[in-house]
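Derivation of every value follows stated rules applied to the coordinates shown; laboratory data play no part. Predicted model only: the values in this text are computed from it and were never measured. When we count neighbours, we look across all protein chains shown, and the Cβ atoms used for this are built from the backbone with ideal geometry, even at glycine.
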Amino acid sequence: MQLESLDPDTSFEAQLGEDTGPVVVVNTFIVPEGLMDAVIKNWQQDGDFMKAQPGFISAQMHRGVGGSNLLMNVAVWESTAAVARAFASPAFHQAVHQYPDGIRVLPHVYRKVAVPGVCVA
């Protein structure tokens, strides 16, 4: 699995270093042809692990349509610190190595923004 920054100016590690919350981690997977089922199975194991971590709130996986080879996980956490602890876990690092070769992963941390008349923070 190849971890990449979605924003070339801000690494995932730098995002986790900012003390804020609640946050949403949007993790985009670019999956080589023929590996979608294997990646979803691996992610299910990761999801089970993450659900047991302090600060985890929820997760939802989305699959691209029209023949797309993209998956997008949207996970809500209490804080960046909680995400950082979960991602630093040796158990998580071991699970990451179970994914098939060729997977590209682009995680990014977001927080809500209020837009008057449209949405609240």
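General observations
- Helices (runs of 4 or more DSSP H) fully within region 1-117 counting 1 or more residues that are crowded, with 17+ Cβ neighbours inside 10 Å and in contact with a Lys or Arg (Cβ under 8 Å, 6 or more places away or on another chain): 36-51
- For region 77-121, the tally of residues that are more than 17 Å from Q60 (Cα to Cα) and among the acidic types (D, E) stands at 1.
- Residue match in region 24-31 (condition: over 13 Å from the mean Cα position of the chain (by Cα) and closer than 29 Å to A121 by Cα): no
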